[in-house]
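Peer 1: To start, I am sharing the structure in question, which I have written as structure tokens.
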Amino acid sequence: MSTKTLRKRISLVAVTALGAGLLSVVAVPTASAGDNVAAGTTQNSTVVEGVLNIATKPSTTGSARNTAGDAYTALTSIGLINVSDIAGGLVAGTTQTATMLSNGKLVVYTGATTNAKGSLVTVEGGTIACAGTGITTAVNTTQTACAGYADGGASDLLVSTLSASSGVTSMIVRLYTKASATSAADHVTSATKGDLVGQINVTIAAASTAGVLSTAKSGAYWVAAYNTGAATADATGYTGSTDFGQKLYMSVRIRDAYGSALAAGDLITVSATGGAYVKINPGSASDAGTQASDYSVAAVDAEQVVITNPTTKPMASTITVSVGGTVIATRTAGFSGEVAKVVLSSPVIGKTGGTGSSGNIAVYKLYDAANNPVYVDYTGTDNTATPPQNLNEDTAVRGTVITSVERNRDFSLNTSTGVVTSGRVIFTCGSTAGTGKISFIYTNTSGSIVKSNVLDAKCAGDAVTYTAAYDKKSYAPGEIATLTLTFKDSKGNVANDITDVDTDTTGEITVSTAGMSQAINGPTTDGTDGASLDQGTLVYTYAVGTTEGTFTNRINVPDVNTAGAALLTAATSATLTVAAPSTGAVTNADVLKAIVSLIASINKQIAALQKALLKKK
């Protein structure tokens, strides 16, 4: 079966299922007035017309309360363990969930609809009883549906008590409203239930694990600050790594199997290896621990933990969080140390007489003793442990070709995205082409001094000549060829990387080959962005095609031709050969040649034998 046919059949099945009501789209629940409160809360949720609520108030008598005439605030369920919705909240819509003991009773209620409307509560997997305030009620013969018919009073209330059938593991409770209902008795037996406005999927449990720590629902997550609050995942950009002068923060999640927060009272302990310090519930941004472990005897959900490195050395630490002796999280924390290495690299070939604003730049990076990158700022905020102003040029090695050097952009970390930005230094070239020296010194806050490598940085004039060369002499048909153009200034130095060699003032750079069809990929030459050099070169790549032979490429750079008119007399050319490699296969000609050679060899051997026999006679 083709993929296209299979997709059509899948689409047909999906459409058919939707038409039959087998598939449905579940909307994300939205919190509103009248939503449920957590199980065990001493005050039930406010009653709202057409909203199905659960009586979460705990019973003080050992039995459910749903007596006719009771206010909604007096209603209680028995054996109710947990209340939630599919999104983890308490929205009282069609996505509610609840967990109840098998011998419990779930009490639900709604404000009966006014203006001669009916309300109907149904149950699957259990039986129902109902009562009302200011309404008439009716139950069907199978005790699976309870209807209430409103008289329009302000205190109308329909209350239903659900009991699970023996051996079931779940129940489904639904609330319907019907504008055309004429009475409770009619509504409870009618084939038309009305509009579905509430649903509860009830799990029947043999024993309660409410309030019992669940390691699957608990954990510890990296957050931005000491007072971030509850978290269910690491905050974006926070991975448990920072500099020795910064702090790391965690939010501890302490939940039961139903995702409900545990009450205060359990012992929470946090410990760190490798020399890190920890503290539970820091009181301020400056608050930090002074030891490798800490504890609290009044643990609650969303405990906050701060982790610090008390030294200037790089450090790796394992942070272990336990509640009541049970480990709920093990996280790895890392701190880079003070600067131990400064690396300068990637200098452009600067323009003689040019400055940093012209584009004369190089790159720097800082590392600690463990080769971790060290940042001098975090998205624009200076790191007080490794301040950027502590990086300065070592003027003793510069020479005369380069006249000035300075730090231009700091080596930073974007904490919201985790993106690292290399630092940048800029230099000014004098009027003479040649090679200068760049070097920097970093002074740590501890007083230690670190010198960078000495970086050679060249200065040169603009391009006035160019040559072209391929990376290979011969290519197989279809192979990718690399063509490199090398530009030089009037003194024969490799040209600077600053002045574009194609500003579109006199025409685009062209590379053409007679007899070959090719698509050449190279630097941007669209008339708006000039072609900038990289170490005095431009590099083009393209497939050489399938036609075998020797071809000559003609390369024309009009801007440079004009600039170097006295030095260039024609466009530059480069030759390449396209030839299929030998496959090693034996041809008919090869076989015939071998046979002829073999016959000749045999004839020589016969002649030699005859000659030897004649001598013996």
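Please treat every number below as a calculation from the coordinates, not as lab data. Keep in mind the model is a prediction, meaning the values are calculated, not measured. FYI the Cβ positions are ideal-geometry reconstructions off the backbone, even for glycines, and counts take in every protein chain you see.
Peer 1: If a/c stays under 1.5 just call it rounded; otherwise compare a/b with b/c (prolate if a/b is bigger, oblate if not). Do that for the range 193-235, with a ≥ b ≥ c from the square roots of the Cα gyration tensor eigenvalues.
Peer 2: In terms of gyration-tensor shape, oblate.
Peer 1: Helix 3-20 versus the longest principal axis of the chain: what is the Cα-based angle in degrees, 0 to 90, to the nearest 10?
Peer 2: It is inclined by approximately 20 degrees.
Peer 1: Tell me the net charge near Tyr226. Cut-off is 14 Å between Cβ atoms, Tyr226 excluded, with +1 for each Lys or Arg and -1 for each Asp or Glu.
Peer 2: On the way: positive: Lys247, Lys279; negative: Asp287, Asp294, Glu303.
My count for the surroundings of Tyr226 gives -1.
Peer 1: Output wanted: per-residue J couplings in Hz (rounded whole) for the range 338-348, from phi through Karplus 6.51 cos²θ - 1.76 cosθ + 1.60, θ = phi - 60°, x for Gly and Pro.
Peer 2: With the stated coefficients, the range 338-348 comes to 5, 5, 10, 8, 10, 10, 9, 7, 6, x, 7 Hz.
Peer 1: Quick check on the range 53-205: what are the equivalent-ellipsoid semi-axes from the Cα gyration tensor, as sqrt(5λ), descending, whole Å?
Peer 2: Details: eigenvalues 108, 54, 43 Å².
After scaling each eigenvalue by five and taking roots: 23, 16, 15 Å.
Peer 1: Which of the peptides 182-192, 93-103, 168-178 is most tightly packed, and how do the rest follow, going by the mean number of other Cβ atoms within 10 Å of each residue?
Peer 2: Numbers: 182-192: 16.0, 93-103: 20.5, 168-178: 18.9.
Ranking the peptides 182-192, 93-103, 168-178 by packing returns 93-103, 168-178, 182-192.
Peer 1: Among residues other than Val83 whose Cβ falls under 13 Å from its Cβ, what is the net charge (Lys/Arg +1, Asp/Glu -1)? Each step should come with its number before you reach the end.
Peer 2: Working: positive: Lys57; negative: Asp35, Asp85, Asp256.
Net of charged neighbours comes to -2.
Peer 1: Once each part is reduced to its C-alpha centroid, what is the distance from the range 148-212 to the range 356-435 in angstrom?
Peer 2: 69 Å
Peer 1: Same structure, new question: Label points 7 Å out from Cα along the Cβ direction at Val168 and Thr467: separation in nm?
Peer 2: Calculated label separation equals 9.0 nm.
Peer 1: Could I ask something else about it? Filter the cross-link list Lys473/Lys593; Lys105/Lys178; Lys279/Lys341; Lys313/Lys437; Lys365/Lys491 down to pairs whose alpha-carbon distance in this structure exceeds 29 Å. Mind showing how you got there, number by number?
Peer 2: On the way: Lys473/Lys593 31 Å; Lys105/Lys178 26 Å; Lys279/Lys341 32 Å; Lys313/Lys437 31 Å; Lys365/Lys491 34 Å.
In this structure, Lys473/Lys593; Lys279/Lys341; Lys313/Lys437; Lys365/Lys491 exceed 29 Å between Cα atoms.
Peer 1: Using the 10 angstrom Cβ neighbour count as an exposure proxy, how do Asp471, Asp256 rank, fewest first?
Peer 2: Starting with the residue having the fewest Cβ neighbours, the order is Asp471, Asp256.
Peer 1: For the range 222-290, which trypsin sites (Lys or Arg not before Pro) are in a loop by DSSP, counting at most 12 other Cβ atoms within 10 Å?
Peer 2: Numbers: sites: Lys247, Arg253, Arg255, Lys279; in loops: Lys247.
The qualifying sites: there are none.
Peer 1: In nm, to one decimal, how far is the modelled label at Thr400 from the one at Ala207, with both set 7 Å along Cα→Cβ?
Peer 2: Reported label-point gap for Thr400 and Ala207 is 9.1 nm.
Peer 1: Which ³J(HN,Hα) values in Hz, rounded to whole numbers, follow from the phi angles of the range 447-456 under the Karplus curve 6.51 cos²θ - 1.76 cosθ + 1.60, where θ = phi - 60° and Gly and Pro get x?
Peer 2: x, 6, 10, 10, 9, 7, 5, 8, 9, 6
Peer 1: Using Cβ contacts closer than 10 Å as the measure, can you line up Leu598, Leu538, Leu483 from fewest to most?
Peer 2: Values: Leu598 10, Leu538 24, Leu483 20.
Ranking Leu598, Leu538, Leu483 by Cβ neighbours within 10 Å, fewest first, gives Leu598, Leu483, Leu538.
Peer 1: Compute the angle between helix 588-616 and the longest alpha-carbon principal axis of the chain, please, reported from 0 to 90 degrees and rounded to the nearest 10.
Peer 2: Roughly 50 degrees, rounded to the nearest 10.
Peer 1: Quick check: convex hull of the Cα atoms in the chain, volume per residue, rounded to a whole Å³?
Peer 2: On the way: hull volume 249.5 nm³, N = 617.
Normalising the Cα hull of the chain by residue number yields 404 Å³.
Peer 1: How many percent of DSSP beta bridges within the chain run antiparallel, rounded to 5?
Peer 2: On the way: 140 of 157 bridges.
Approximately 90 percent, going by the DSSP bridge assignments.
Peer 1: Determine the principal axes of the Cα atoms in the range 341-460, then give the extent along each, sorted from largest to smallest and rounded to whole angstroms.
Peer 2: 42, 30, 21
Peer 1: Restricting the count to DSSP beta bridges whose residues both fall in the range 53-205, what percent are antiparallel, rounded to a multiple of 5? Intermediate values should be presented prior to the final figure.
Peer 2: Numbers: 47 of 54 bridges.
Given both bridge residues lie in the range 53-205, the antiparallel proportion sits at roughly 85 percent.
Peer 1: Take the Cβ-Cβ distance between Asn408 and Thr575 as r, set R0 to 51 Å, and report the resulting FRET efficiency rounded to the nearest 0.05. Don't skip to the end; give the middle numbers.
Peer 2: Working: r = 44 Å, r/R0 = 0.86.
After rounding to 0.05, the efficiency reads 0.70.
Peer 1: Sticking with this structure for a sec: State which stretch of the chain is the longest one without any exposed GluC sites (Glu not before Pro), exposure meaning a DSSP loop state and at most 16 other Cβ atoms within 10 Å. Walk me through the numbers on the way to the answer.
Peer 2: Details: sites that count: Glu479, Glu508, Glu548.
Counting at most 16 other Cβ atoms within 10 Å as exposed, the longest clean stretch of the chain is 1-478.
Peer 1: With no solvent and one equal point scatterer placed on each C-alpha of the range 236-321, evaluate the Debye formula and give log10 I(q)/I(0) for q = 0.18, 0.20, 0.25 Å⁻¹, two decimals.
Peer 2: Per q value, in the given order, log10 I(q)/I(0) is -0.78, -0.92, -1.27.
Peer 1: Excluding Val397 itself, what net charge comes from residues whose Cβ is under 13 Å from its Cβ, given Lys and Arg +1 and Asp and Glu -1?
Peer 2: Values: positive: Arg398, Lys437, Lys451; negative: Glu393, Asp394, Asp456.
So the surrounding residues net to 0.
Peer 1: Restrict the search to the range 47-119; then list the trypsin sites (Lys or Arg not before Pro) that DSSP places in a loop and that have at most 11 other Cβ atoms within 10 Å of their Cβ. Walk me through the intermediate numbers first.
Peer 2: Values: sites: Arg65, Lys105, Lys117; in loops: Lys117.
Here no loop site has a sparse enough neighbourhood.
Peer 1: Could you check the spin-label model distance between Thr290 and Ile86? Points 7 Å from the Cα along Cα→Cβ, value in nm.
Peer 2: 5.4 nm
Peer 1: What size of dipole, in debye to the nearest 20, comes out for the chain about its Cα centre when the only charges are +1 on Lys and Arg C-beta atoms and -1 on Asp and Glu C-beta atoms? Before the final figure, lay out the partial values.
Peer 2: On the way: 39 positive and 41 negative charges, 607 e Å.
Dipole of the chain, to the nearest 20 debye: 2920 debye.
Peer 1: Report D for the range 422-471 in µm² per second (integer): Stokes-Einstein, Kirkwood Rh on Cα pairs, 20 °C, 1.002 mPa s.
Peer 2: On the way: Rh = 14.5 Å.
My calculation gives 148 µm²/s for D.
Peer 1: May I ask you to sort Ile349, Ile595 by Cβ crowding, counting other Cβ atoms within 10 Å and putting the fewest first? If you can, show how the numbers build up before the last one.
Peer 2: On the way: Ile349 23, Ile595 10.
Least crowded to most crowded, the residues run Ile595, Ile349.
Peer 1: Among the trypsin sites (Lys or Arg not before Pro) within the range 347-456, which fall in a DSSP loop and have no more than 16 other Cβ atoms within 10 Å of their own Cβ?
Peer 2: Working: sites: Lys351, Lys365, Arg398, Arg407, Arg409, Arg424, Lys437, Lys451; in loops: Arg398.
Answer by residue number: there is no such site.
Peer 1: Follow-up question, since we're still on this one. Check the cysteines of the chain one by one and keep only those with no other cysteine Cβ under 4.7 Å from their own.
Peer 2: none
Peer 1: Expected output is a single nm value to one decimal: the length gained when fully extending between Ile441 and Thr142, i.e. 0.36 nm times separation in residues minus the C-alpha distance. What is it?
Peer 2: Residue separation times 0.36 nm, minus the Cα-Cα distance, leaves 98.9 nm.
Peer 1: If r is the Cβ-Cβ distance from Gln535 to Thr332 and R0 is 35 Å, what FRET efficiency results, to the nearest 0.05?
Peer 2: Working: r = 41 Å, r/R0 = 1.16.
With a Förster radius of 35 Å, E is 0.30.
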